[in-house]
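Take a look at the structure below.
Please treat every number below as a calculation from the coordinates, not as lab data. Since the model is a prediction, treat every value here as computed from it, not as a measurement. Neighbour counts run over all protein chains shown; Cβ positions are idealised from the backbone, glycine included.
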């Protein structure tokens, strides 16, 4: 892993002139190191040199599986979903029929994510060298959801989830995440990484799961009251704010 800095948008009102931290990886590098240092896989292909695999440093969040137990909300959603007799399997990426999965993935992305997830980005993420497993959720032999996973013996990264939105009333999104966490416990993994935690919309990850800790820029932090306050006051830039930095990786 090679770490480098790239200039980020400046804020003259507070005299803040930031540089963002990135890591360049190659297949075979130690995933445990990159995740333990707070990095997550970068997935906007138009900004990435074609010969690089990049990770970015962020306020990421993970579950310490030694501290994980089912919450009352987890149990409630489990009971609701059990009415449907769902089946959960984790498969090697290449074992999942692509055509069947791709239709659901594209429909979900169009409905729930929109312009932030064009087809080119979906293709890049699916072919990301470290993405190696897929969680498959089905009812009566019909797949209703998928989770794209990065994992090894030590960790699991719950990267992107896609599901049939007509199951929203059952809490399917929460259930899928809980199932992937509980399965990781059964496999004796140490951590499940759940992506970033910015803004109030991300706080469901904090409320619904036990064992949460977050990367505060220096270390993994268990002060969830502080994390909640940070999320409530986050000022999130939009993608258009970054258009002046199309070559921000050219330094590397």
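Relative protection proxy for 115-123, 159-167, from highest mean packing down: 159-167, 115-123 (other beta-carbon atoms within 10 angstrom). Neighbour counting of Cβ atoms within 10 Å sorts the residues 134, 139, fewest neighbours leading, into 139, 134.
Relative to the current alpha-carbon distance between residue 12 and residue 104, full extension at 0.36 nm per residue lengthens the span by 28.7 nm. The gain in end-to-end length when the residue 85 to residue 126 segment is fully stretched comes to 11.9 nm, 0.36 nm per residue minus the alpha carbon separation. With the simple model of a label 7 Å out from the Cα in the direction of the Cβ, residue 51 to residue 75 spans 5.7 nm. Bridge orientation summary for the chain: considering DSSP beta bridges with both residues in this region, about 95 percent are antiparallel. In terms of its alpha-carbon gyration tensor, region 62-233 comes out rounded; the largest-to-smallest axis ratio a/c stays below the 1.5 threshold. The order of 61, 3, going from fewest to most other C-beta atoms within 10 Å of their C-beta, is 3, 61. From its DSSP helices (H runs of at least four residues, each -39,500 (n - 2.57)), the chain gives a residue-normalised ellipticity at 222 nm of -7500 deg cm²/dmol. Here each label is just a point 7 Å from Cα along the line to Cβ, and for residue 220 and residue 232 those points are 2.7 nm apart.
Footprinting exposure proxy ranking of 94, 64, fewest other C-beta atoms within 10 angstrom first, gives 94, 64.
If R0 equals 30 Å, the separation of the Cβ atoms of residue 3 and residue 152 corresponds to a calculated FRET efficiency of about 0.90.
The modelled label-to-label distance between residue 116 and residue 33, using points 7 Å beyond Cα along the C-beta direction, is 3.1 nm.
Distance from the alpha carbon centroid of region 139-167 to that of region 42-71 works out to 16 angstrom.
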